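*Asks:* Structure below; questions to follow.
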Amino acid sequence: MIIKSAKYFTSAVKEVDFLNNLPEICFVGRSNVGKSSLINMLVGQKGLAKSSSTPGLTKMVNYFLINDNFYFVDLPGYGYSKTGKKHTELWSTLLENYLLSSQNLKMVFMLVDIRHKPTELDVLMHKFLFYHNIPHKVIATKCDKVAKSKIYNFRNEIAKYLSLGIADVIAVSENGAGKEDVLHIIANCFKNN
């Protein structure tokens, strides 16, 4: 797949604002795991998806129009909030409502940091996606922060922790590592349509 165009489209702060007109590829993970960086790397634009230096400040479901025919959807990060428990609950409800109500969701990329074992919330998210039969793949971010010789072992540890095969964990970094693998998965989402 070649991404020829990408632009910010809109943000949703409640379920009634969710879009329902084009296929969607969604990105989910704990705060500060690199969702914005991954989106920017995939589309080849440094500042398209904004990342915050303070984890937990993304409070909306952000839609980016890709090639004028589908959306990348950046969900609020889970697991950390500078703004208190009430907002954390609100975001988790927004996140859950999106995942359960999206009519056009083709794939969820669940991001984990390759340098750390998945958190309890990562495990819960994975179980949630599996239980609800939502198509998903695990992406291990920040692989440029570890030695190349150790990437396989880190991927394997994440796979074991989430009861997956190692092929189900894709290592990526901001420098473009893993980009073609992720784009190939996205392209396959549209093959039988």
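*Asks:* Once you charge only the Cβ atoms, +1 for Lys and Arg and -1 for Asp and Glu, what is the size of the charge dipole of the stretch 6-189 about its Cα centre, to the nearest 20 debye?
*Replies:* Details: 22 positive and 16 negative charges, 114 e Å.
Charge dipole of the stretch 6-189: 540 debye, to the nearest 20.
*Asks:* Roughly speaking, what is the stretch gain from HIS184 to LYS145, that is 0.36 nm per residue apart minus the C-alpha to C-alpha distance, in nm to one decimal?
*Replies:* Stretched out fully, the HIS184 to LYS145 stretch lengthens by 11.7 nm.
*Asks:* Now for a separate question. Considering only LEU129, LEU65, THR141, whose Cα is most displaced toward the positive end of the charge dipole of the stretch 6-189, charges sitting on Cβ of Lys, Arg (+1) and Asp, Glu (-1)?
*Replies:* Comparing the listed Cα positions along the dipole, THR141 ranks first.
No lab work stands behind these numbers, since they all come straight from the coordinates. Predicted, not measured: the structure shown is a model, and the values here were computed from it. For neighbour counting, all protein chains shown are included, and Cβ atoms are generated from backbone atoms with ideal geometry for every residue, glycine included.
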